[in-house]
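Have a look at the structure below, then the notes.
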Amino acid sequence: MKFQYADDVKELAKIVNEKFDLKLNLERIAFIRSQGSRSKAIARTLMLPSQWRFILSPSILYIVEVISEKYDNLTCEEKVYVILHELTHIPNSMKGGLRNHNHPHFRKIKKPPYKELKEICKHI
């Protein structure tokens, strides 16, 4: 499996973070693209355990990974929704935990806000 930094995903996340007022500090999130994964997921959000943060980089708390084979073929609106979904896993406090799919914030995005998704895509 190969990994690379995903600057395009980070830029999209900045727009999504601002548009949906998620209030996340994106400097504490690393965005990567993987190739060759056998995962069925389109993307995933990982938290770094405190021991890894101590050794590697205390400033990075989370990793948002997009699976190139699946993510890169999506429409713009689908990409925006995937990034919104992944960022919703990260709590506003950003203390290292993750929200599960039962969290109330996920109910808000269960039905994709197509108007907002299309509006974001117009500016990309």
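Look at region 33-92 and say how many of its residues are β-branched (Val, Ile, Thr) and in contact with an Asp or Glu (Cβ under 7 Å, 6 or more places away or on another chain).
2
Taking region 3-41 as the search range and keeping residues that are among the aromatic types (Phe, Trp, Tyr) and touching a helix residue (DSSP H, G or I) at 6+ places or on another chain (Cβ under 9 Å), which one is modelled with the highest pLDDT? Show your work before the answer.
Kept after step one, since they are among the aromatic types (Phe, Trp, Tyr), are these residues of region 3-41: 3, 5, 20, 31.
Cutting the leftovers down to touching a helix residue (DSSP H, G or I) at 6+ places or on another chain (Cβ under 9 Å) gives us 20, 31.
Working: Phe20: 91, Phe31: 98.
The residue in question is Phe31.
Among (1) without any contact (Cβ under 8 Å) to a residue 40 or more places away in the chain; (2) under 17 Å from Asp7 (Cβ atoms); (3) surrounded by 14 or more Cβ atoms within 10 Å (Cβ to Cβ), where does Ile83 come up short?
(1)
State which residue is farthest from the chain's Cα centre (by Cα) when the search covers only region 58-80 and only residues that are of a type in the set (Val, Ile, Thr) and surrounded by 14 or more Cβ atoms within 10 Å (Cβ to Cβ).
Ile60
For region 9-50, name all the residues that are part of a loop (DSSP other than H, G, I, E, B), among the charged types (D, E, K, R) and surrounded by 19 or more Cβ atoms within 10 Å (Cβ to Cβ).
If the condition is that a residue be part of a loop (DSSP other than H, G, I, E, B), among the charged types (D, E, K, R) and surrounded by 19 or more Cβ atoms within 10 Å (Cβ to Cβ), then no residue fits.
How many residues does region 86-124 hold that are aliphatic (A, V, I, L, M), surrounded by 14 or more Cβ atoms within 10 Å (Cβ to Cβ) and either farther than 15 Å from Ile15 by Cα or free of Cβ contacts under 8 Å to residues at least 24 places away in the same chain (or both)?
3
Check Lys70 against each of (1) farther than 24 Å from Lys2 by Cα; (2) assigned to a helix (DSSP H, G or I) and name the one condition it does not meet.
Exception for Lys70: condition (1).
Using beta carbons and a limit of 8 Å, which pairs, at least six apart or on different chains, have the first residue in region 31-43 and under 14 Å from Asp8 (Cβ atoms) and the second one surrounded by fewer than 17 Cβ atoms within 10 Å (Cβ to Cβ) and of a type in the set (Val, Ile, Thr)?
Phe31/Ile63; Ile32/Ile63
Do you know which residues across region 21-57 are under 16 Å from Val82 (Cα atoms), of a type in the set (Phe, Trp, Tyr) and more than 13 Å from the chain's Cα centre (by Cα)?
The answer is none; no residue qualifies.
Of all residues in region 102-124, how many are closer than 22 Å to Arg28 by Cβ, in a loop (DSSP other than H, G, I, E, B) and within 16 Å of the chain's Cα centre (by Cα)?
Residues meeting the conditions: 1.
Can you go through Arg99, Arg53, Arg44 and tell me which one is farther than 26 Å from Ile120 by Cα and among the basic types (Lys, Arg)?
Details: Arg99 fails: farther than 26 Å from Ile120 by Cα; Arg44 fails: farther than 26 Å from Ile120 by Cα.
Arg53 is the lone residue from the list that is farther than 26 Å from Ile120 by Cα and among the basic types (Lys, Arg).
The values are calculated or read from the model by the stated rules, or taken from the named source; none is laboratory data. Keep in mind it's a predicted model, so treat the numbers as computed, not measured. Virtual Cβ from ideal backbone geometry, glycine too; neighbours counted across all protein chains shown.
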